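Each reported figure results from applying straightforward, stated rules to the coordinates on display, with no laboratory input. Treat the numbers as computed from the prediction; the structure is a model and nothing was measured. For neighbour counting, all protein chains shown are included, and Cβ atoms are generated from backbone atoms with ideal geometry for every residue, glycine included.
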Amino acid sequence: MTFDTQTDSAGTEAQGEILARELAALAHPARLKILRHLSARDACCCREIVEQIDLAQSTVSQHLKVLVEAGLVLYEPENRRSRYTVDRPALARLSREVGSLLSSCCAR
């Protein structure tokens, strides 16, 4: 996403909503811990995260749901367990967008 004045307002608004949803998903310390944990491995299940983070399984599941809905973590059902992976291309795009936003805000 670029913050170009040439972009139509509907497209800019949609991009803004996506960015806001992604940033909101990152705006909780537990979700940041979960994301860091997932980033260090190819994939893992909720139980593995619970073992590393001092939160109840239901709480970890809810945080994972927020990250998945924001498009930052991928969910893959696998038999009785679900596997979660970081969506690295989505996070790389988010990094570029936030960098662009902050640069444009500071460029005066």
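What the table below lists for this structure:
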{"quantity": "Other-chain or far-sequence residues with amide H under 5 Å of Ser82's (modelled H)", "calculated": "Cys46"}
{"quantity": "Residue-count net charge about Leu94 - beta-carbon cut-off 13 Å; Lys, Arg +1, Asp, Glu -1", "calculated": "+1"}
{"quantity": "222 nm mean residue ellipticity, helices alone, for the chain (DSSP H n ≥ 4; -39,500 (n - 2.57); rounded to 500)", "calculated": "-20000 deg cm²/dmol"}
{"quantity": "Point-to-point label distance, Leu23-Arg96, nm (Cα→Cβ direction, 7 Å offset)", "calculated": "1.9 nm"}
{"quantity": "Per-selection metrics, segment 28-85 (Cα): Rg and Dmax in Å", "calculated": "10.1, 30"}
{"quantity": "Spin-label pair Ala14/Ala40, simplified geometry with 7 Å Cα→Cβ offset, distance in nm", "calculated": "3.9 nm"}
{"quantity": "Average Cα contact separation per residue, the chain, under 8 Å, 6 or more apart, as relative contact order %", "calculated": "31 percent"}
{"quantity": "Taking His28, His37, His63 and counting other C-beta atoms within 10 Å, the order from fewest to most", "calculated": "His28, His37, His63"}
